[in-house]
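> Following this message is one structure expressed as structure tokens.
Values in this text are rule-based calculations from the coordinates and carry no lab data. None of these values were measured; they are calculated from a predicted model. A quick note on method: Cβ atoms are made from the backbone with ideal geometry, for glycine too, and the neighbour counts reach across all protein chains shown.
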Amino acid sequence: MGERTALVWLRNDLRLADNPALHAAFDAADRVAALYVHQSDPDVRAPGGAARWWLHHSLADLNEELAKLGVRLSVHTGSALDTVRAALKDSGATSVFWNRRYGPAEARTDLVVENMLRAEGVDIGTFAANVLAEPWTVKTGAGNPFSVYTPFWKALKGQHIPTPLPAPKGRSPIKPIPVDTDYRQPRWAGKLTPYWHIGEAGAHEALAVFIDGGLPDYPQGRDFPARAVTSRLSPHLRFGEISPRQIWHAGHGLAAREPHRAETVDKFLSELAWRDFNYHQLYHREDIATVPMQGKYATMTWRDAPGELAAWQQGRTGFPIVDAGMREMWATGFMQNRVRMLTASLLAKNLLIDWRRGEQWFWDCLVDADDANNPGNWQWVAGSGLDASPYFRIFNPVTQGERFDVEGAYVRQWVPELAKLPDQWVQQPFAAPADVLRQAGIVLGQTYPQPIVDLKTSRVRALEVAREL
């Protein structure tokens, strides 16, 4: 018999360790080839600009690592079926392996590819790799998918989470050839580079830094945007440079070694499980980026206010903590979680601008925007999600800023024109006395905007609209 070749089709699993499809390819064949497809299938959502930047560099990193195992990575653009077929022909592979996806469009695509290739005599292997538990494995007592997070979390904790796989043992190294060469990096993307170490090694570095430094203060500190206590693992998870199982077992390993940290670890892992919850919503419903999970929100009357939308996008709303968050996102591709809630609440509730407009902006600007968490979290804030923030919960950005950015460190970092304001006024410059503004060098409406909406009257308006539903 001649040398057997297997193809591994990589998607949101750009790593060597805990990659079941890659392991299966090595087990099945003498030679392994790898493929990544920028899908042109019409229903599959293309990544936003910031995520596409990350993807390019992640593919370059993975290409180097795969070459050390003797695996050639090829990157192409086209329809999934045609491109996988072409890769099978070019490589001489007789089998193809991939890790499963859960978005409706992606799952349909994968099923078509699987059925067509099986009919053509190709061996197919698919695996669970990118969530803690696949969406059809965690159910209510009645056998239905969960729509409330707390019981979902309790059920998930009772699941067996498989131990992560090591990286496969490679064969003779090869020289890597540049991949994704059609990508042209936007001029704005260079500003993102200093904030991230992209790739599998960077993901594990981020996890180690978090466990050693941020985790002890995580349950309380995670709400304070100026504190460096969150994991910043979300973009690494989004592209699969690290798996949720690796994080899960790292957390439980720490709790076993240091039992006094068990409660802190549990809190962190509950946030990791929220990611799974969003993937369960994604799998069991229509496209959650466009369709409200609660049907009554389909009749919601949204305002058409392009000027206010632009001010929100540019971080010029007149509410400092919101503006700081929007500017942080534009500068780094990331925004701290509580601030994401505040910025989303202002848009969807105070401004009554369709949450889908905000979701799309985040999709373009965030390096971690994915099919499940970006729309799932937006629907949570807007009230249209299944286990959503109640319609009457409307975040006040001033009081939230005063509570979670007490000394204004976060605002001063990202809204430097307010840096000289005393702590008392840094979250509400519009209320500061004229002499305080003058001493701080601020002219409202010129150097920093007046608020684009009145918080009290807009809150009443939002409540009235929600009650009508």
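> Tell me, what ³J(HN,Hα) does each residue in segment 284-297 have, in order and in whole Hz, if you take phi through Karplus 6.51 cos²θ - 1.76 cosθ + 1.60 with θ = phi - 60° and put x for Gly and Pro?
Here the 3J(HN,Hα) series is 8, 9, 5, 3, 6, 7, 10, 10, x, 6, 9, x, 4, 6 Hz.
> Report the percentage of all Cα-Cα pairs in segment 264-400 whose separation exceeds 26 Å, rounded to a whole percent.
Details: 1752 of 9316 pairs.
When all Cα pairs of segment 264-400 are counted, 19 percent exceed 26 Å.
> Provide the FRET efficiency to the nearest 0.05 for the residue 212-residue 434 pair, computing r from the beta carbons and using R0 = 45 Å.
Numbers: r = 48 Å, r/R0 = 1.06.
Rounded to the nearest 0.05, the efficiency is 0.40.
> Which order do the peptides 421-432, 156-167 come out in when sorted by mean C-beta neighbours inside 10 angstrom, highest first? Show your work: numbers first, answer last.
Details: 421-432: 18.4, 156-167: 14.1.
Highest-to-lowest ranking by the protection proxy: 421-432, 156-167.
> Helix-only estimate, please: 222 nm mean residue ellipticity of the chain, summing -39500 (n - 2.57) across DSSP H runs of length 4 or more and dividing by its residues, to the nearest 500. All intermediate terms of the calculation are to be shown ahead of the outcome.
Values: 19 runs with 207 residues, N = 469.
The helix contribution divided over the chain gives -13500 deg cm²/dmol.
> Find the centroid of the Cα atoms in segment 229-266 and in segment 406-451, then give the distance between the two in whole Å.
Measuring centre to centre over Cα atoms gives 38 Å.
> Identify the residues of segment 103-118 with backbone N under 16 Å of a label point that sits 7 angstrom from the Cα of residue 43 along the Cα-to-Cβ direction, or state none.
103-116
> Once phi is turned into ³J(HN,Hα) by the Karplus curve 6.51 cos²θ - 1.76 cosθ + 1.60 with θ = phi - 60°, what whole-Hz value does each residue of segment 305-315 show in order, with x for glycine and proline?
9, x, x, 5, 4, 5, 4, 5, 4, 8, x
> Given H placed 1.01 Å from N in the peptide plane, which residues other than close sequence neighbours of residue 74 have an amide H under 5 Å from its amide H?
34, 35, 36
> Let me ask something else about it. Suppose a student asked you for the relative contact order of segment 295-468, using Cα pairs under 8 Å spaced at least 6 residues apart; what percent would you report? It would help to have the intermediate numbers written out before the result.
Details: 220 pairs, mean separation 45.4, N = 174.
Result for segment 295-468 is 26 percent.
> Please give the length that would be gained between residue 195 and residue 301 if that part of the chain were fully extended, namely 0.36 nm times their separation in residues minus their C-alpha to C-alpha distance (nm, one decimal).
34.3 nm
> Relative contact order for the chain: what is it in percent, counting Cα pairs under 8 Å that are at least 6 residues apart?
Result for the chain is 17 percent.
> Let me spell out the model: positive unit charges on the Cβ of Lys and Arg, negative unit charges on the Cβ of Asp and Glu, origin at the Cα centre of segment 5-130. What dipole size does that give, in debye rounded to 20? Each step should come with its number before you reach the end.
Details: 13 positive and 16 negative charges, 32 e Å.
Charge dipole, segment 5-130, about its Cα centre: 160 debye, nearest 20.
> Could you give the nm distance between label points at residue 220 and residue 128, where each point is 7 Å from its Cα heading toward the beta carbon?
Each label point lies 7 Å from its Cα, and together they span 3.7 nm.
> Between residue 182 and residue 424, 0.36 nm times their residue separation minus their Cα-Cα distance comes to what? Display every interim value, and only then the final one.
On the way: separation 242, 0.36 × 242 = 87.12 nm, distance 5.12 nm.
Separation in residues times 0.36 nm, less the Cα-Cα distance, equals 82.0 nm.
> Measuring from label point to label point, each 7 Å out along Cα→Cβ, what is the residue 30 to residue 463 span in nm?
7.5 nm
> If you don't mind, there's one more thing I want to ask. For segment 218-336, what class follows from the C-alpha gyration tensor (a ≥ b ≥ c being the square roots of its eigenvalues): rounded when a/c is under 1.5, otherwise prolate if a/b is larger than b/c, else oblate?
Values: a/c = 2.45, a/b = 1.47, b/c = 1.67.
Judged from the Cα gyration tensor, segment 218-336 comes out oblate (a/c at least 1.5, b/c at or above a/b).
> Any number yet on Rg/Rh for segment 5-130, C-alpha, Kirkwood? Don't skip to the answer; put the middle values down first.
Working: Rg = 13.6 Å, Rh = 14.6 Å.
In segment 5-130, Rg relative to Rh is 0.93.
> Something else now. Can you match Rg/Rh (Cα atoms, Kirkwood Rh) to one of these, (1) 1.10; (2) 0.97; (3) 0.99, based on a calculation from the structure here?
Given (1) 1.10; (2) 0.97; (3) 0.99, the structure-derived one carries the label (3).
> Okay, moving on. Skipping prolines and chain starts, which residues have an amide H placed within reach, meaning under 5 Å, of the one on residue 167, given they are 5 or more residues away or on another chain?
Close amide H contacts, sequence-distant or interchain: 18.
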